[in-house]
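The values are calculated or read from the model by the stated rules, or taken from the named source; none is laboratory data. All values derive from a computational prediction rather than experimental measurement. As a convention, Cβ positions derive from the backbone with ideal geometry for all residues, glycine included, and neighbour counts pool all protein chains shown. Just the protein is used for accessible areas: all its heavy atoms, side chains included, with ligands, DNA and RNA removed. Shrake-Rupley method; radii C 1.70, N 1.55, O 1.52, S 1.80 Å.
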Amino acid sequence: MNVRAIAAKVLNQVVEKGQSLSQALPAIQQELSPKDKALVQMLCYGVLRTLPRLDFFCRSLMKKPLTGKQRDLHFLILVGIYQLLYTRIPSHAAVGETVNGAKALKKPALKGMINGVLRSFLREQESLIAQADQQPALLYCHPSWLVKRLQSAYGEEKAAEIMTENNQQAPMWLRVNSRFHDREQYLALLTEQDKQAQITAFNDNALCLENACDVYQLPGFAEGWVSVQDGAAQLAAHYLDAQPGDLVLDACSAPGGKTVHTLELQPELKQMVAVDFDEKRLVRVNENLQRLNLQATVIHGDAAKPDDWWSGEQFDRILCDAPCSATGVIRRHPDIRWLRRDSDISELVTLQKNILYALWQKLKPGGVLLYATCSILPDENDQQIKDFLAATSDASLMPLAAHYDGQAVTRQILPNEEKMDGFYYAKLQKAL
Ligand SMILES: C[S@@+](CC[C@H](N)C(=O)[O-])C[C@H]1O[C@@H](n2cnc3c(N)ncnc32)[C@H](O)[C@@H]1O
């Protein structure tokens, strides 16, 4: 097993075949030792965070790009350059192991070529880096369409900050199950194990770990004392604020993080209905419910066509955690920016709109709908809500929570704001 060759294969699957990293990586990691698993992960995440820059270096150093059956070697070279530029792996080891990767990929005859490209990079890196830094898409390692969208939404300076944050590693956040402990009690359990974590304001169950760890090293994970969920995503259940006796719908629920959090916070619901379009992802909802010993009615259905699965009783609260560009979680999923296309955004905006209008019909008069996305693009967020409010006479914006002092505001969280993912929330009420 050559770890560099394995990373090259995964990258080829993601970049050339459009498979997501979260599908491609676990499939190949199964047979690896924990140390190799961590190295493959570091190389794949790292290359995807810096892809256009590495591509540019590779292109500049080769007469002809590697195509067809040799394409995996292109990614092997990127893995090599990444190690030389961004890791502490000594250059002789990085070059040697990467060159051996060509043999593992059954192209031993091209070992010399790989060696040559990596050695040329070591000689010419200074001038190549200076050239890359002239171009925003290479400097920030985002596709040009996304650079443009972020600059037009936030201005050049803020967009640069956002893109820099997108290239950082995301921290591991925990959600403490309030049925067992409050977060101060759980923090004490972590401290006993020498694990450090921070708390943030207005997010009662959230802890941000200083160093990520395996979930089974967390006190009481199997017993449901704690779950892994970003701090921004944890705000959903607090903002939804379900009340005893409520009939609640989580319309785009998989893998179920917000469904179970809502149930943890409010054990006296009339019923929780968890819907999702993706049957495979619904398995994860059931697993989460089982681990946490919670109950919900799980339905495979289309949120834009509720008449296909609706029981006929209007909901008191609806969470619409809509399918979106996921541009707020690029630091967790560095492949997103390469898998998405500019044209996806308008398609997503239409899908979100269809879901929002369809769900609104199933909300009780006086009921509350919380609209959420993990996007940072205004078209999917504030613009979507503005258009909805303009077209829907019985809808009005509500304050998200008590600490907003009665202000009916939406909230756009940007990546790494209070260490959280990028997220958007708007709380809508239906007139009586
Ligand atoms: C942002 S994720 C939801 C995350 C989830 N709420 C959580 O906290 O774990 C969006 C979900 O919407 C689902 N989805 C996409 N289109 C849908 C549709 N038309 N109807 C229902 N679910 C849909 C996707 O399968 C995906 O699971």
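So K427 fits all but one of (1) of a type in the set (K, R); (2) open to solvent by 20 Å² or more (accessible area, probe 1.4 Å); (3) more than 14 Å from the chain's Cα centre (by Cα); (4) away from the ligand (no atom under 14 Å from the Cβ); what number is the exception?
(2)
Identify all residues within segment 177-195 that are in a helix (DSSP H, G or I) and polar (S, T, N, Q); write none if there are none.
The answer is Q185, T191.
Would a scan of segment 402-421 turn up a residue that is in a helix (DSSP H, G or I), open to solvent by 50 Å² or more (accessible area, probe 1.4 Å) and more than 30 Å from V228 (Cβ to Cβ)?
No, segment 402-421 has no match at all.
Could you say whether any residue in segment 414-426 is under 27 Å from S20 (Cβ atoms) and basic (K, R)?
yes
Pairs under 9 Å by beta carbon, first residue of a type in the set (V, I, T) in segment 289-302, partner more than 14 Å from the ligand (Cβ to nearest atom), six or more apart or different chains?
T297/Q271; T297/S311
Does at least one position in segment 213-222 carry a residue that is modelled with pLDDT under 95, under 26 Å from Y86 (Cβ atoms), within 19 Å of the chain's Cα centre (by Cα) and part of a loop (DSSP other than H, G, I, E, B)?
Yes.
If only one of K64, K37 is surrounded by fewer than 19 Cβ atoms within 10 Å (Cβ to Cβ) and farther than 20 Å from P108 by Cα, which one is it?
K37
Considering only residues of segment 78-97 that are open to solvent by less than 20 Å² (accessible area, probe 1.4 Å) and either without any contact (Cβ under 8 Å) to a residue 12 or more places away in the chain or touching a Leu at 6+ places or on another chain (Cβ under 7 Å) (or both), which is nearest to L128 (Cα to Cα)?
I81
Return a yes/no flag: does segment 363-382 have any residue that is more than 13 Å from the ligand (Cβ to nearest atom), open to solvent by 30 Å² or more (accessible area, probe 1.4 Å) and in contact with a Lys or Arg (Cβ under 8 Å, 6 or more places away or on another chain).
Yes: segment 363-382 contains one or more residues that are more than 13 Å from the ligand (Cβ to nearest atom), open to solvent by 30 Å² or more (accessible area, probe 1.4 Å) and in contact with a Lys or Arg (Cβ under 8 Å, 6 or more places away or on another chain).
List the number of the failed condition for A322; all other conditions in (1) more than 19 Å from L247 (Cβ to Cβ); (2) surrounded by fewer than 19 Cβ atoms within 10 Å (Cβ to Cβ) hold.
(2)
If D307 satisfies all but one of (1) in a helix (DSSP H, G or I); (2) under 21 Å from the mean Cα position of the chain (by Cα); (3) more than 7 Å from the ligand (Cβ to nearest atom), what's the number of the condition it fails?
(2)
If we scan segment 214-228, do we find a residue that is buried (at least 24 other Cβ atoms within 10 Å of the Cβ) and within 12 Å of the ligand (Cβ to nearest atom)?
The answer is no, given that none of the residues of segment 214-228 is buried (at least 24 other Cβ atoms within 10 Å of the Cβ) and within 12 Å of the ligand (Cβ to nearest atom).
Looking only at helices (runs of 4 or more DSSP H) that lie completely in segment 111-155, which have at least 1 residues being open to solvent by 50 Å² or more (accessible area, probe 1.4 Å), farther than 29 Å from D72 by Cβ and touching an Asp or Glu at 6+ places or on another chain (Cβ under 8 Å)?
Where helices (runs of 4 or more DSSP H) fall fully within segment 111-155 and carry at least 1 residues being open to solvent by 50 Å² or more (accessible area, probe 1.4 Å), farther than 29 Å from D72 by Cβ and touching an Asp or Glu at 6+ places or on another chain (Cβ under 8 Å), they are 144-154.
Got a sec? Which of D387, D342 is within 17 Å of T410 (Cα to Cα) and charged (D, E, K, R)?
Being within 17 Å of T410 (Cα to Cα) and charged (D, E, K, R) holds for just one of D387, D342, which is D387.
Can you tell me which residue is most open to solvent (accessible area, probe 1.4 Å) among those in segment 343-355 that are away from the ligand (no atom under 11 Å from the Cβ) and touching a Ser or Thr at 6+ places or on another chain (Cβ under 9 Å)?
Only one residue tops the list, namely D344.
Would you say D316 is within 13 Å of the ligand (Cβ to nearest atom), of a type in the set (D, E) and buried (at least 18 other Cβ atoms within 10 Å of the Cβ)?
Taking the combined requirement at face value, the residue does not satisfy it.
Restricting the search to segment 235-257, which residues are outside any loop (DSSP other than H, G, I, E, B), surrounded by fewer than 24 Cβ atoms within 10 Å (Cβ to Cβ) and within 11 Å of the ligand (Cβ to nearest atom)?
A236, G257
Looking at R337, is it within 30 Å of G46 (Cα to Cα) and either among the aromatic types (F, W, Y) or at pLDDT 95 or above (or both)?
No: the conditions fail for R337.
Filter segment 40-61 for residues that are farther than 16 Å from M1 by Cα and of a type in the set (S, T, N, Q); which is most open to solvent (accessible area, probe 1.4 Å)?
S60
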